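The values are calculated or read from the model by the stated rules, or taken from the named source; none is laboratory data. All values reported here derive from a predicted model rather than from experimental measurement. We place every Cβ from the backbone using ideal geometry, glycine too, and count neighbours over all the protein chains shown.
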Amino acid sequence: MKRALVCPLNWGLGHATRCVPIINQLLADGYQVTIAADGYPLVFLQQQFPTLQTIELPSYPIRYANAKTQVWAMLIQLPAIIQAIYNEHQWLKKKLSTEHFDLVVSDNRFGLWTTKTECHYITHQLMIKMPRGLKLFEPIAWWIHRQFINRYSTCLIPDFATNTHKLSGDLAHRYPMPKNARFIGPLSRFKNINTVDLLSTYDVVCLVSGVEPQRSLFENTLIDRFANSMERVLIVRGKPSNTIQHSHQGTIQLVNHLQNEELAAYLIASKKIITRSGYSSIMDLYTLNCLSKCEFIPTPGQTEQEYLYHLYSESNKNRFI
């Protein structure tokens with residue numbers, strides 16, 4: 001049996017959720033799949049695929065700042081990130097010296113490439129958006145990213161190739177494509193959910209995820225916002241665990257995590273959805289045809305989400321439906 005190793009980045013849940021259709025396709029193609037991840041992404045994928053082998057593979061030591069800019073936080077952590085990329089590359093070399101994998105799939109992890117087997121790199125962000133004042137460095141960041149991309153057999157872009165539907169906007173379409181790149185269409189954990197029993201319990205569904213402390217700050221902001229509201233509000237905290245934990249604060253219900261079918265039902269039936277403007281969330285909501293009722297709130301200082309927030313502003317988002 002062919003073997004595949006799937007490795008999402010631990011930067012919120014998005015990289016793990018969009019690996020769900022990748023893993024399903026690999027299983028359908030006859031691969032024996034092993035998952036390598038850590039933190040909530042590992043827990044999430046273990047819940048999605050309880051029979052698959054999993055390995056704990058440390059991700060990059062990312063922690064956001066409380067401030068409205070993440071520039072200094074990222075610069076301070078850059079040496080540790082570079083070390084983590086080197087470590088995961090060495091980990092893969094060592095792994096392949098004792099086990100054979102026909103295919104390695106890396107979702108935005110820079111170091112999981114090798115010449116010994118076929119390696120796919122998944123990213124929607126070929127260009128890296130720089131903060132205001134550092135825009136001149138965007139071509140340099142794009143060039144550096146491309147050097148990593150060129151190490152892989154294939155770069156898979158989860159977006160449409162056409163100009164009509166460019167879900168990622170400039171992130172994947174502004175610069176020339178690497179020779180090994182190809183568009184594969186949006187990736188969503190809701191892809192194979194064809195019918196759902198609508199659950200109209202909540203007026204507003206809020207999806208919380210991301211890197212701490214901004215994940216917790218976002219959750220607390222939402223609780224404060226709806227503390228005195230008469231609307232029925234569900235906050236999904238983006239913290240998968242072995243048990244589904246519920247709590248109430250007035251008309252607000254908080255739950256750590258929901259299974260895909262139940263979450264899809266709540267999202268479709270709700271009047272409004274509030275979420276970070278992360279690209280995986282956008283792909284999920286596009287798949288459910290729910291973009292028109294979304295309020296996107298970018299993580300402060302997260303340039304990619306700030307760009308996507310403006311791309312999907314009220315005046316523009318309907319063009320993606």
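Couple of notes before you dig in:
- Out of Leu75, Leu92, Leu126, Leu136, one residue alone is modelled with pLDDT of 95 or more and outside the structural domain of Leu217 (by TED's automatic domain parsing). It is Leu92.
- Residue match in the stretch 290-300 (condition: of a type in the set (A, V, I, L, M) and touching a residue at least 60 places away in the same chain (Cβ under 8 Å)): yes
- Yes/no for Trp142 being modelled with pLDDT of 95 or more, of a type in the set (Phe, Trp, Tyr) and assigned to a helix (DSSP H, G or I): no
- For the stretch 169-199, a residue qualifies if it is at pLDDT below 95, hydroxyl-bearing (Ser, Thr, Tyr) and surrounded by 14 or more Cβ atoms within 10 Å (Cβ to Cβ), and exactly one does: Tyr175.
- Candidates are the residues of the stretch 275-302 that are of a type in the set (Val, Ile, Thr) and crowded, with 22+ Cβ neighbours inside 10 Å; the one that is nearest to Cys206 (Cα to Cα) is Thr275.
- The test for being crowded, with 18+ Cβ neighbours inside 10 Å and touching a helix residue (DSSP H, G or I) at 6+ places or on another chain (Cβ under 7 Å) holds for Ile252.
- Test set (1) touching a residue at least 40 places away in the same chain (Cβ under 8 Å); (2) out of contact with any Leu (no Cβ under 7 Å at 6 or more places or on another chain); (3) of a type outside the set (Val, Ile, Thr) - Phe183 fails condition number: (1)
- Ile282, sole failed condition from (1) in contact with a strand residue (DSSP E or B) (Cβ under 9 Å, 6 or more places away or on another chain); (2) outside any helix (DSSP H, G or I): (2)
- Filter result for the condition that a residue is part of a loop (DSSP other than H, G, I, E, B) and either more than 30 Å from Met130 (Cβ to Cβ) or aromatic (Phe, Trp, Tyr) (or both), over Ser241, Ser209, Ser247: Ser241
- Going through (1) farther than 17 Å from Asn108 by Cα; (2) under 18 Å from the mean Cα position of the chain (by Cα); (3) aromatic (Phe, Trp, Tyr) one by one, Tyr31 falls short only on (2).
- Scanning the stretch 212-224 for residues that are in a helix (DSSP H, G or I) and out of contact with any strand residue (DSSP E or B) (no Cβ under 8 Å at 6 or more places or on another chain) gives Gln214, Arg215, Ser216, Leu217, Phe218, Asn220, Thr221, Asp224.
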